[in-house]
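Down below is the structure, laid out as structure tokens.
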Amino acid sequence: MKLIDITRRAGRSLKHAKARTLLTSLAIGVGAFTITLSLAGGQGGREYTDAIVKSNTNVKEVSATKAVDDSGKIQQYSETSAGQVSAGFGGSGFDPISYDDIAELEKISNVVTVTPNYAPAVNYITTEGQEKYVATISTFSPSVTLKFAAGSVDGDLGKDEIILTEEYAETLGFKTPQDAVGKKVDLGAQSLASSPLNPDKRDFTYTVKGVSSASGLAFRSQGSLLVSTAAAKDMYDYINEGTRAYGQFLLVAVEVNDADNAESVKQAMIKKGYDAQTSDDILGTVNTFINVLLGILLGFGALAVLTSIFGIINTQYISVLERTQQIGLMKALGMSRRDVGRLFKLEAAWIGFLGGALGSGLAILVGTIANPYISDALNLEDIYLLIFSPVQVLIVVVGLMLVSVGAGILPARKASKLDPIEALRTE
């Protein structure tokens, strides 16, 4: 018989046992549902982390610190180690980066600039007629994707400009985020080199350029006031100049001339005794966690499929027993053992196809409905965490069909080996 004829006959045979076929297919569908959702979650998770990394890092930037001494030995005291303690580095294993180190890093091939992480420790923020509030300062980077409630920034911030968060704008008494744009705010700082009895204090005045709102992508700016690197350096110099901590940094950002050269610069820095990390390294670390979680979910799906295999074997064996006379008649009329085996294997394939199609289709439906709610709950804007790939869905369905065919091999062999005379005698 032709393969197409056997395939049609297999489909007709399953129609005569609709309830049993449907229940067996649903058992496979549970596995298909779990696997399809897991793959969609893995795909969406990887794209989400990729968006986060790209929104918060510069692909042409390498972050670096001095390599940590993890020998466990107590370090000998020196003026440098005293500076580490003053800088808040703990003085145990952490070696700060100095301006001399920065000058050496700038000599590495393909390096454009080396910018230390200033992060000045200001005392407060205020505006005219308002109380003073504790503030945290971070440096603005044009490569970071910000969501603005009011105002905007084209390129870099000016030296006298600042970006507030919605919470700070409200706390400082502005009725709306738009009201804050263009207004003046003061950041109060104190020189650490001055005498505690006669402290040297100063206010730095900035114009509000924009007001950022919470975003599921721009993690770097959440809760921080943003100023330009030049402004941060001015405040850092004022606060720390004259102290042991001045000119010592835990972290620097090394900008390279091309993203393709980031890895080579990283390796050159490692040889010089630095711990360096590119945006690809950050992405790889996060994706490793996602892959582990994905593997666990796929394991549950595989367990459901394994359970359904026994259901297919049981269904096919029952079918063979119920159709013993029919099998004998087909053989008596000239159907070969090979075609009989194919018939039952194709019936198993049909069951696998139905289960895979139902499970995957339901997963796509549920995921499509749930995606907007998930994005709203996690403030992901227009990013979806469940991304269904047609190729992956096709692989799931075809894979389950092959698994079903494998499960139907033993019942198919039993049917193909039946003696036609003995089969016709069966009542």
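Each stretch of four or more DSSP H residues adds -39500 (n - 2.57); spread over every residue of the chain, this sum gives -17500 deg cm²/dmol at 222 nm. Think of the chain as having a plus end and a minus end, set by charges on the Cβ of Lys, Arg, Asp and Glu; of Val227, Ile369, Ala304, Ala304 sits farthest toward the positive end of this dipole.
Within the set Lys183/Lys266; Lys60/Lys271; Lys60/Lys272; Lys147/Lys271; Lys18/Lys417, which residue pairs have Cα atoms separated by over 30 Å? Don't jump to the answer; show the numbers that get you there.
Values: Lys183/Lys266 42 Å; Lys60/Lys271 20 Å; Lys60/Lys272 20 Å; Lys147/Lys271 39 Å; Lys18/Lys417 26 Å.
Pairs exceeding the cut-off: Lys183/Lys266; Lys147/Lys271.
Subtracting the Cα-Cα distance of Lys175 and Ala103 from 0.36 nm times their residue separation leaves 21.3 nm of extension gain.
A cut-off under 13 angstrom between Cβ atoms defines the neighbours of Leu172, and their net charge, with Lys, Arg +1 and Asp, Glu -1, is -3.
Could you pull out the GluC sites (Glu not before Pro) across the range 312-406 that fall in loop regions by DSSP (anything but H, G, I, E, B) with no more than 14 other Cβ atoms inside 10 Å?
Within the range 312-406, the qualifying GluC sites (Glu not before Pro) (loop, at most 14 other Cβ atoms within 10 Å) are Glu381.
Below 18 Å, Cα to Cα, which lysines can Lys15 reach? Residues fewer than 8 away in the same chain don't count. Answer for Lys15, where 18 Å is the Cα cut-off: Lys345, listed by chain and number. Each Lys and Arg Cβ is given +1 and each Asp and Glu Cβ -1; about its Cα centre, the range 315-406 then shows a dipole of about 840 debye.
Under 8 Å for C-alpha pairs, at least 6 residues apart: give me the relative contact order for the chain, rounded to a whole percent. Value for the chain: 30 percent.
What separates the Cα centres of the range 257-289 and the range 175-205 is a distance of 37 Å. Once the trypsin sites (Lys or Arg not before Pro) in DSSP loops with at most 11 neighbouring Cβ atoms within 10 Å are cut out of the chain, the longest remaining piece is 176-416. On full extension, the segment bounded by Ser194 and Leu22 gains 53.8 nm, given 0.36 nm per residue less the C-alpha separation.
Bear in mind that the values in this text are calculations on the coordinates, not laboratory data. This structure is a prediction, so every number in the text was calculated from the model and none was measured. Reconstructed Cβ throughout: ideal geometry from the backbone, glycine too, with neighbour counts over all protein chains shown.
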